[in-house]
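Laboratory data are not the source of any read-out in this text; all were calculated from the coordinates shown. Values in this document were obtained by computation on a predicted structure and should not be read as measured data. In this analysis, Cβ positions are derived from the backbone assuming ideal geometry, glycine residues included, and neighbour counts consider all displayed protein chains.
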Amino acid sequence: MSASATETSIALPRAVGRAEVEFKRRGDETVLASLYQQGSAKVRFPAVDQGDLPQAVLLNTSGGLTDGDRYLVKGCWRSGTRAILTTQAAERIYRSRGDVAVVDFELHIGSEATAVFLPQETIVFDGGRCARNTAIHVDANAHLLVMDALVLGRHAMDEVVRTGRWLDYWQIYRDGRLSLTDRFALESADDDLTNLIANPTVLGGRAAVATGFAMTDADPGLQARVVDALASCDVFGGASLVGHVVCWRMVADDGNALRRASNQLFDAITSKAPKESPFAAMRLPRVFSC
């Protein structure tokens, strides 16, 4: 066998997943309007306790993502619907041979709808490469809550991420106009992330970061509750009001500390909300405690 033949990379099968979920009103209830599943992307609809919002739970049956994998999710909340879109477990970004995994989320929230997007953590392993884009289209009088988390390696396994690439791009449109854009990037020309992660203006040596967004005109005290909750959490973070969107980011030493802080923040947004808030008395999906 020639040297050139041995140096040629073998093309491996790639995972491709696509899921589309749409909710509609039936009387006073929110029910499934349509569902499409393809490849490694699956959706399940667990039974929920009385009073809890309906849930659509995303599964990636490939077990994680690596170079060249593609994953697309579309969610639609028709007018007046209320539902949670979440994930069955933490997503995993494994070591890449060079190419990036691509993840796209596209969410549409209609008039007077309440959309809650609560994916569990994304865990990036050393050498993992992923580009994720989330575009959210919200009607002016709709309600939106998003909480997302990224963890670099598993602290309990003494894993340290030194190389790789993570690109996270958020866009929120209100009545068709761009209201907020956020880009969080961990990348370097030589693929070494050590100095970037240690940079105090990025992660300050911490291994977990969470991002959140909320939009509603029915809860004027929301931003204050988020700021107070962040101040009482054992993490470093802050919140701002950008146009009509309350947005926040917090960093923690590891995934466990970040989840505790995220749960505390979720409690401040929901259980401490006034009864007229669309997020009042909302509970975390059961998959978060499984």
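Taking only the alpha carbons of the stretch 163-290, we obtain Rg and Dmax values of 16.1, 52 Å in that order.
Note on the chain: dipole from Cβ charges, positive end direction compared against ALA140, VAL287, GLY80; the farthest Cα belongs to GLY80.
Once the trypsin sites (Lys or Arg not before Pro) in DSSP loops with at most 13 neighbouring Cβ atoms within 10 Å are cut out of the chain, the longest remaining piece is 163-274.
Considering only DSSP beta bridges whose two residues both sit in the chain, what percent are antiparallel, to the nearest 5? Write out the running numbers ahead of the final one.
Numbers: 47 of 102 bridges.
Here the antiparallel bridges make up roughly 45 percent for the chain.
The aspartates and glutamates within cross-link reach of LYS275, meaning a Cα-to-Cα straight distance under 12 Å and a gap of 8 or more places when in the same chain, are ASP219.
Just checking the listed ones, VAL43, VAL160, VAL209: in the Gaussian network model of the chain with Cα springs under 10 Å, the one fluctuating most is VAL160.
With θ taken as phi - 60° and the Karplus curve 6.51 cos²θ - 1.76 cosθ + 1.60 applied, the whole-hertz 3J(HN,Hα) list for the stretch 229-244 is 5, 5, 5, 8, 7, 8, 9, 9, x, x, 9, 9, 10, 10, x, 9 Hz, x standing for glycine and proline. Partner lysines whose Cα lies under 29 Å from the Cα of LYS272, excluding those fewer than 8 positions away in the same chain, are identified as LYS24.
Distance from the alpha carbon centroid of the stretch 214-286 to that of the stretch 114-140 works out to 17 angstrom.
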